[in-house]
Amino acid sequence: MTRVRRIAILIDGGFFIKRLPRLVGLQFCDSPEAVADSARHLCKRHVQKLIHSDENEADGVWLDQVYRLFFYDAEPYDGTSHHPLANRRIDYGKTETATFRRELFSQLRKKRKFALRLGTVQKTSDWQISPALTKKLLKTQKWMKVLEETVIEGDAPPQLSADELAQLNRVLATWNELEERHIGLELRQKGVDMRIGLDIASLALKKQADTIVLVTGDSDFVPAAKLARREGIEFLVDPMWQSVSDDLNEHVDGIVSAFPPPDKSASSRAEDQGATE
C-alpha cells in the first residue's frame, strides 16, 4: 500500500506563465483555461513522481497525497493613464492581460485543492522607454549639436562625410523604431514573494507537509528553503528548466522538473502532457 505523504506545491505564477510557452505546445497555454489545466498537470506530475504512482491511476490517488496546491500572483493593475506617444487613455483594468489574469484566477479557484495567494501591482514610476531602445537613443545625443546649429541658429547644414551620413541615417532609423509598445509604465508586483516565504515557514513550522515543491527560478527563497529543511521538510525546486544559482542549488534537496525539456519537439511535449490528462 502506498504511504500517504503530505505534499505541498507552491507555484510562482508570474514565473510559471512566462516559462510555460517554452515548454508546452500552444494549445496548453493559449487561454486561461489551458494555463490553469497546465498548472494542474504540473502538480499532478510532481506528485506522481514523488509517490511512484502510475500515470493512468485515478485522480484520487495523487490528490490524496496533496496537502494543498498554492498559486501566487497579483491582482491586475486597475489604474488609468494617458499614453504619451499614442496620445490615448489606457484603462489597465480592461486590458487583455488583466482580463486574462482574472479569468485564470477564476479557473484555478474551481480546481480541487488549489489555493490562490494574490498580491498587488503598483505603479512605481511614470512612463519609460524600454531599456534596450533607451540605450540606442542615448547614443544619438552627439547629433543634437548639429541639429541645434542647423535648425535653431539657422546655419547651413554641415557637409557630412559618407560615414557621418550613414551614422545620421542610423539615428533617424532608431527614432523611427520608437513605437507604442516601447513605452510603458513601471509596474511591479508587491507582496507575492512575501506570501510565498510566509507559507513555506508556516508549512514547515506547523508540520503541515512532508515535502514542498516550489516552482520558481528565484534564489531569493533560499532563507525559506533553509528553514524548511531545518524543520525536516524535503524541499524541492522546479525551475521549469531555467538555470538556477549555485546558492539555490546548494540549499534545496533537489532540482526537479514536471515538463519535458524545452529542446524536445512540440508534438512530443503535447503527447506527454495529453497522456496524463
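Using +1 on the beta carbon of Lys and Arg, -1 on that of Asp and Glu, and nothing else charged, what's the dipole of the chain about the Cα centre, debye to 20? Walk me through the intermediate numbers first.
Numbers: 40 positive and 42 negative charges, 211 e Å.
Roughly 1020 debye for the chain.
As an exercise, use a Förster radius of 30 Å and the Cβ-Cβ distance of E75 and S130 to find the FRET efficiency, rounded to the nearest 0.05.
Efficiency for this residue pair is about 0.75.
Within 14 Å, Cβ to Cβ, of A74, how many net charges do the neighbouring residues add up to if Lys/Arg are +1 and Asp/Glu are -1?
+3
Which one, S31, L198, S130, is farthest towards the positive end of the dipole of the chain when Lys and Arg carry +1 and Asp and Glu -1 on their Cβ?
L198
Output the pairs from K123/K190; K110/K207; K44/K94 with a Cα-Cα distance over 21 Å in this structure; if there are none, say none.
Cα-Cα > 21 Å for K110/K207; K44/K94; rest within.
Distance in nm between label sites at S202 and L85, each 7 Å beyond Cα in the beta-carbon direction?
Calculated label separation equals 4.3 nm.
Ranked from highest to lowest mean number of other Cβ atoms within 10 Å per residue, what is the order of the peptides 39-48, 236-245?
The most tightly packed comes first, giving 39-48, 236-245.
What is the antiparallel percent of DSSP beta bridges lying wholly in the chain, to the nearest 5?
30 percent
Pulled fully out, how much extra length does the chain show between A115 and E231, if you take 0.36 nm times their separation in residues and subtract their Cα-Cα distance?
Residue separation times 0.36 nm, minus the Cα-Cα distance, leaves 39.4 nm.
Which length gain, in nm to one decimal place, applies between E177 and S53 when the Cα-Cα distance is subtracted from 0.36 nm times their residue separation?
39.3 nm
What is the diffusion coefficient of the chain in µm²/s, taking the Kirkwood radius over Cα pairs and the Stokes-Einstein relation at 20 °C with a viscosity of 1.002 mPa s?
98 µm²/s
Bear in mind that the values in this text are calculations on the coordinates, not laboratory data. Computed from a predicted model, the values in this text were never measured in an experiment. Here Cβ is always computed from backbone atoms with ideal geometry, including for glycine, and neighbour counts include all displayed protein chains.
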